[in-house]
Amino acid sequence: MTSLRSLAEWRPRTPFFYGWLILGMSALGTYAASGSAQLVLGGIQNFIFEDMGWERSTIAYAVTAGTWTSGFLTPFIGRMADKYGPRGLMPSAALIGGVAFLVLGGVQSVWQFYAAYIVARAIPNPILVGVVPRTAAVNFFRRRRNLALGISAMARPFGGA
């Protein structure tokens, strides 16, 4: 048990403050999860309409359901981040989001789009964009906490651009 605990608390020696590396990895996670954001979907929805022949309301329902599901899951994810830390949550969310994006690339019907998009928005969004990167920033930064939170918040718009 002590070996697992020491493995979980291990940090490599870096010539700079390790928190900056954590913040950079959090920014990459946020960038990866930005594919399910409204600003990205707004840029590609016309192609989806043309290719699939769906109406605008079809995509709007998926965005709404994904956003609400994400909102309902966020308190539970926040509790998990406090209890277990971001180290295990972020890679698992990136994997779930990556699989959901792969499924989105091959959808043939509306129910497949709903299932994949809701998962891609509901799970990776609070873990990679919302609560967990900010938890990591707060845990590592004492002196420059506001700067770290600002950089963490900047990753979402850069991911959408």
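Which number in (1) part of a helix (DSSP H, G or I); (2) over 13 Å from the mean Cα position of the chain (by Cα); (3) at pLDDT 80 or above marks the one condition that L41 misses?
All conditions pass for L41, except number (3).
When both residues are 6+ apart or on different chains and their Cβ atoms are under 9 Å apart, which pairs have a first residue that lies in region 83-102 and is closer than 17 Å to V129 by Cβ, and a second that is outside any helix (DSSP H, G or I) and not hydroxyl-bearing (S, T, Y)?
Note: pairs meeting the criteria are S92/I123; A93/I123; I96/I123; G97/I123; A100/I123.
Surrounded by 14 or more Cβ atoms within 10 Å (Cβ to Cβ), part of a helix (DSSP H, G or I) and touching a residue at least 24 places away in the same chain (Cβ under 8 Å): does that describe A65? Spell out the reasoning first.
Numbers: surrounded by 14 or more Cβ atoms within 10 Å (Cβ to Cβ): yes; part of a helix (DSSP H, G or I): yes; touching a residue at least 24 places away in the same chain (Cβ under 8 Å): yes.
Criteria met by A65.
What tally of residues in region 81-97 results from selecting those that are surrounded by fewer than 17 Cβ atoms within 10 Å (Cβ to Cβ) and in a helix (DSSP H, G or I)? Full working, then the answer.
Initial filter on region 81-97 (surrounded by fewer than 17 Cβ atoms within 10 Å (Cβ to Cβ)): 82-85, 87-88, 91-92, 95.
So of that shortlist, the ones also in a helix (DSSP H, G or I) come out as 82-84, 87-88, 91-92, 95.
Final tally of qualifying residues: 8.
Quick check, is I48 free of Cβ contacts under 8 Å to residues at least 40 places away in the same chain, over 11 Å from the mean Cα position of the chain (by Cα), more than 18 Å from A137 (Cβ to Cβ) and buried (at least 17 other Cβ atoms within 10 Å of the Cβ)?
In short, yes.
The values are calculated or read from the model by the stated rules, or taken from the named source; none is laboratory data. This is a predicted model, so every value here is computed, not measured. Neighbour counts run over all protein chains shown; Cβ positions are idealised from the backbone, glycine included.
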